[in-house]
Amino acid sequence: MRYSDAVTRALLPFALLGLIVACGGDAPETEADDAEVEMPFDVATAGHLQGMVLFEGDPPPPEVLDMSSEPDCAAQWDDQPMRDLVQVSDGHLENVFIYVKEGLDGMDFPRARDTPVMDQVGCRYTPTVIGLMPGQEITFRNSDGLLHNINSSPTVNRGFNISQPVNMDTQRSFASPEVMIPVRCDVHGWMRAYIGVVPHPYHGVTGSGGSFDLRDLPPGEYVIEAWHSQLGTQEQTVTIATGETAEVSFTFTSEMLGTAVVPLGEPIYPHRHHAPHSAPATR
Amino acid sequence: MAAIRFLGLVLVLVTADLAAQQPDTERGRQVYERWCAACHAVDGAGEGPAAGYMLPRPRDFTRGIYQIRTTPGGDIPTDDDIMRMINEGMPGTTMPGWQDQLSRADRQAVLEYIKSFYPPFETMAAPEPIDFGRAPRVSDDRLEEGRIFYDSIECWQCHGDTGRGYGSSAPELEDDWGYPIRAVDLTKNWKFNGGGSVEEIYRRLRTGMDGTPMPSFSDLLDADFMTEDQLWSLAHYVRSLAPDRPPRVREVIRADRVEPGEVPTTVADERWDEVESFYIPLVAQIIVLPRWFDPSVDAVWVQALHDGNEIALRVTWHDRSESPHPNWMQWQERVLEVMEPREGDLDPAPRPDRLAVQFPRSIPSGMERPYFLMGTSDNPVYLWQWSSTDDAEPAQARGMTEIEPLGGSIASDARWEAGRWQVVLTRSLEPEDTSNRLTFERGTAIPIAFYVWDGDNGEEGTRGAISSWYFIYLLEDAPISTYVTPLMAFFLTGGLGLVVVARAQKRERALETASEGPDPTTPTGRNP
């Protein structure tokens, strides 16, 4: 914890720099790290957004994972260990990161107080996609009790590469907004996760029903982005009115596989033009 | 007049002060573009014209990620950290040291210029180095404790049980830029890019190596899983995997003579343990097309024995896989995908590991030797070829692409174990057919050279690692006589000398008696 705070402090000026960019040159707030920030609008005027992410076509077959080098991990699976890079149930797409991309500029939201957990169970990340606010801590948990490393490679933020050889929790945070930050385990090449850092609480990840629910948005017009690690991004514009629940749905198709551009900060693999951190499917 | 002089002095001082305060970015740019940009690129992103020929790739300065630091994982490095890399370079990579090449001012200017590629250097708080403390003294207990942690925190997952970099995760490792990266061979600490001392190893364990799969272990201290002292033990253990000093390169491989029938012909024969090893460094074959700039094998160790009838060589080299190995196919795909130049067959395929030992067809009388890259059409070479999927055989080569088997075979025994190949090749000193085949003579220096191919690294044909010519020297007699002969010579000459002296003294005494009353100071009687 002490260490995380030190990192956060060290990164604070950078975070402010990020804010300057995000706020289009407005003077950055110079509040202390933990100062209480009020909601920047009257919550009584809020509206809501509900939605669904659909998938059309045949999802790629699950990838069989060779866990022979980790029998303890393999034992935690009922059958053959597998990975669904595109997880679809009844046409509903999971693990899509949904967030308000535009429309909240200049608003300063209090940092979320909860600490989401990204667990490592049976040599897979659970969940594989998590949204955070800048400075909000995330707990990386090793429930496997064998060596994992958590290697994040952000482009805007500073990264980290933590070793967890035993059952343990480690907290980290990111100072600046960034969609998305890839996280990998170098010991188990199939383990990939993604963290989205956005400067407000309006983000979510679709679960098994493919649905999402963003509550208490200030009334206004927004660009909503849906991000998927294999299928890329889509945007839609929605209008939120006080007391009402707007609805939106996104549709990804199997044709997007292999051609989608998946934003992970800036392009970081000059020789490969598809998603660099989701390539194991071809291996 | 005095006032003007004073004003002038002030002006000079002020200008000097300004110059000292402001980094000389123009000078830094000039130095950078002249000396650094070919690899690190004018824009600092590490993709300069030469970058494709290098693995690991040159540093991308635009992301502010540095492997070798004194600061915690994820932090920017200190200026001293960057200066150390500029001064000393990075062993095991293509980055040379610049301390003797560039002036101090130029190095300082280029440091500032490098930092300017990552603007947050200006706005972030100055990084604080970790207090590493001092290395405790090494002891057997400490090494044992270090080994326990090597096992429990699973260093072997990447580095392998023996540290040779062949762990089960090794084939799929990649750096933050998506390039393939090797788990370092911990038994070759002189190739560690951050230095091979126990202090430097400890630093890497604390800070991690950002941008690579090597994590920081500082969190394990914070979580009370292990103490700093125990981490030092691990550092000592890792240091102990490498020899005290880097191996010395010698020009001549000595083949001792053993009793008839005592030549060990298998890899596992314990008699090899007593035989001296000769270290032969290998380099990339970058002369004949298609070239290869990323050989994975950087040296062989050679042991040799003969018994007057047969000669046996045991050649040892570190290789992360027994090619062709299915787990390493994806490594081969990735390496072949990223390496320049795009020459030859770059399709991944199951390729074996190979070794070739090269000799001239006959022992040259003078210093004249065939062209070291497998000879030429008018001066071919004689080869022993071994492959992990075939028997060893003799061959003749008229250049790297003109190799023809000579028929017959070379007796061989080979074993891959824990990241290491060992191959024993045996042949009679006199071949049955002396045309095109070398006769090994004793007591003369015979040229010898080595080639190694790592199949799982996409190596075959001209893509591989090579040595220049070395010599092998077969001792005339059994080793015991090697020590007896000089001793006998010593006593013999010493004894003869004594006899000569005694005779001379005797004669002098006779002379003295004859001449009566010589000058007693005359030196004639003294032994010169």
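The values are calculated or read from the model by the stated rules, or taken from the named source; none is laboratory data. Source: prediction; values computed, not measured. Here the Cβ is made from the backbone with ideal geometry for all residues, glycine too, and neighbour counts use every protein chain on show.
Things worth noting here:
- On inspection, B:Glu174 qualifies as closer than 30 Å to A:Leu264 by Cβ, within 12 Å of chain A (Cβ to nearest Cβ) and in contact with a helix residue (DSSP H, G or I) (Cβ under 9 Å, 6 or more places away or on another chain).
- Top-ranked residue of region B:206-231 - restricted to ones that are under 23 Å from the mean Cα position of the chain (by Cα) and of a type in the set (A, V, I, L, M), ranked as surrounded by the most Cβ atoms within 10 Å (Cβ to Cβ): B:Met214
- Flag if B:Arg334 is within 14 Å of chain A (Cβ to nearest Cβ) and among the basic types (Lys, Arg): yes
- Filter result for A:Gln171 (touching a strand residue (DSSP E or B) at 6+ places or on another chain (Cβ under 7 Å) and under 25 Å from A:Ser68 (Cβ atoms)): no
- Sole residue being modelled with pLDDT of 95 or more, closer than 21 Å to B:Ile181 by Cβ and under 26 Å from the mean Cα position of the chain (by Cα), chosen from B:Arg84, B:Arg59: B:Arg59
- Of all residues in region A:70-89, those satisfying the criterion of being in a loop (DSSP other than H, G, I, E, B) and touching a residue at least 24 places away in the same chain (Cβ under 8 Å) are A:Glu70, A:Gln76, A:Trp77, A:Pro81, A:Asp84, A:Leu85, A:Val86, A:Gln87.
This table checks each residue for (1) part of a loop (DSSP other than H, G, I, E, B); (2) modelled with pLDDT under 95; (3) surrounded by 15 or more Cβ atoms within 10 Å (Cβ to Cβ); (4) within 20 Å of the chain's Cα centre (by Cα).
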position: A:His48; (1), (2), (3), (4): no, no, yes, no
position: A:Leu54; (1), (2), (3), (4): no, no, yes, yes
position: A:Ser68; (1), (2), (3), (4): yes, yes, no, no
position: A:Met118; (1), (2), (3), (4): no, no, yes, yes
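- Residues satisfying the stated conditions in region A:130-147, i.e. within 12 Å of another protein chain (Cβ to nearest Cβ), on the phi < 0 side of the Ramachandran plot and assigned to a loop (DSSP other than H, G, I, E, B): A:Asp144, A:Leu146, A:Leu147
- Residue check for A:Gly196: surrounded by 20 or more Cβ atoms within 10 Å (Cβ to Cβ) and either closer than 19 Å to A:Phe252 by Cβ or in contact with a Pro (Cβ under 6 Å, 6 or more places away or on another chain) (or both): yes
- Of all residues in region B:86-111, those that are surrounded by 15 or more Cβ atoms within 10 Å (Cβ to Cβ) and charged (D, E, K, R) total 3.
- Any hit, region A:170-185, residues being away from every other protein chain (no Cβ under 12 Å), under 23 Å from B:Trp156 (Cβ atoms), surrounded by fewer than 24 Cβ atoms within 10 Å (Cβ to Cβ) and at pLDDT 95 or above: no
- Extreme residue, farthest from the other protein chains (Cβ to nearest Cβ), among residues of region B:151-171 that are among the hydroxyl-bearing types (Ser, Thr, Tyr) and part of a loop (DSSP other than H, G, I, E, B): B:Thr162
- Wholly enclosed strands (runs of 3 or more DSSP E) of region B:366-424 bearing at least 1 residues touching a Ser or Thr at 6+ places or on another chain (Cβ under 8 Å): B:381-387, B:390-397, B:411-417
- Here A:Thr239 clears all of (1) over 29 Å from A:Met82 (Cβ atoms); (2) crowded, with 23+ Cβ neighbours inside 10 Å except the condition numbered (2).
- Scanning region B:117-142 for residues that are in a helix (DSSP H, G or I), more than 14 Å from chain A (Cβ to nearest Cβ) and surrounded by fewer than 17 Cβ atoms within 10 Å (Cβ to Cβ) gives B:Asp140, B:Asp141.
- Among the residues listed as B:Ile201, B:Ile181, the single one being within 12 Å of chain A (Cβ to nearest Cβ) and either within 19 Å of the chain's Cα centre (by Cα) or on the phi > 0 side of the Ramachandran plot (or both): B:Ile181
- Conditions (1) part of a loop (DSSP other than H, G, I, E, B); (2) at pLDDT 70 or above; number of the one not met by B:Val452: (1)
- Every residue from region B:272-311 that is touching a helix residue (DSSP H, G or I) at 6+ places or on another chain (Cβ under 7 Å) and either assigned to a strand (DSSP E or B) or among the hydroxyl-bearing types (Ser, Thr, Tyr) (or both): B:Ser296, B:Gln303
- Test for B:Asp413: is it at negative phi and at pLDDT below 95: no
- Each residue in region B:206-233 was checked for being at the interface with chain A (Cβ under 9 Å from one of its Cβ atoms) and part of a helix (DSSP H, G or I), and 4 of them qualify.
- Residue within region A:230-239 that is touching a Gly at 6+ places or on another chain (Cβ under 6 Å), of a type outside the set (S, T, N, Q) and more than 14 Å from chain B (Cβ to nearest Cβ) present: no
- Residue within region B:220-227 that is under 30 Å from B:Asp477 (Cα atoms) and of a type outside the set (D, E, K, R) present: no
- For region A:82-100, a residue qualifies if it is over 12 Å from A:Phe252 (Cα atoms) and either hydrophobic (A, V, I, L, M, F, W, C) or crowded, with 22+ Cβ neighbours inside 10 Å (or both), and the qualifying residues are A:Met82, A:Leu85, A:Asn95, A:Phe97, A:Ile98, A:Tyr99, A:Val100.
- Residue that is surrounded by the most Cβ atoms within 10 Å (Cβ to Cβ), among those in region B:378-432 that are within 23 Å of the chain's Cα centre (by Cα) and β-branched (Val, Ile, Thr): B:Val424
- Being assigned by TED's automatic domain parsing to the domain that holds B:Trp384 and surrounded by 15 or more Cβ atoms within 10 Å (Cβ to Cβ) is not true of B:Pro341.
- Residue check for A:Pro13: assigned to a loop (DSSP other than H, G, I, E, B), farther than 30 Å from A:Gly145 by Cα, at pLDDT below 50 and within 14 Å of chain B (Cβ to nearest Cβ): no
- Criterion: in a helix (DSSP H, G or I), surrounded by fewer than 17 Cβ atoms within 10 Å (Cβ to Cβ), modelled with pLDDT of 95 or more and of a type outside the set (Lys, Arg) - qualifying residue of B:Ile114, B:Ile148: B:Ile148
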